[in-house]
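The values are calculated or read from the model by the stated rules, or taken from the named source; none is laboratory data. Only a predicted model underlies this, so the values are computations on that prediction, with no experimental measurement involved. So basically every Cβ, Gly included, is an ideal-geometry build from the backbone, and we count neighbours across all protein chains shown.
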Amino acid sequence: MFLDGELSEDQHQEVLDHLHACMECFHTYDFQAELRQIIAAKCANETLPPGLAERIRQSLTDEPA
């Protein structure tokens, strides 16, 4: 949620404050952020197989809450 920018401004600031104070969490965040960038760069020119996006959307709506 933090990496996706889905938090409110207050929640975002709370996470930032925590990341500045907690090196373990900061390293975890840093790894995940870098991994996302690498995946995005590697997949930038790839096209999804036909129907994959719809199957993903459907599986997300079928997930129990």
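Residues that are among the β-branched types (Val, Ile, Thr) and more than 16 Å from the chain's Cα centre (by Cα) number at least 1 in the following helices (runs of 4 or more DSSP H) confined to the chain: 52-62. The residue pairs whose first member lies in segment 1-28 and is free of Cβ contacts under 8 Å to residues at least 40 places away in the same chain, whose second member is assigned to a helix (DSSP H, G or I) and hydroxyl-bearing (Ser, Thr, Tyr), and whose beta carbons are closer than 6 Å, counting only pairs six or more residues apart or on different chains, are Leu19/Tyr29. Being at pLDDT below 90 and not hydrophobic (A, V, I, L, M, F, W, C) is a property that Glu34 lacks.
Screening Asp62 against (1) surrounded by 10 or more Cβ atoms within 10 Å (Cβ to Cβ); (2) modelled with pLDDT under 95 leaves a single unmet condition, (1).
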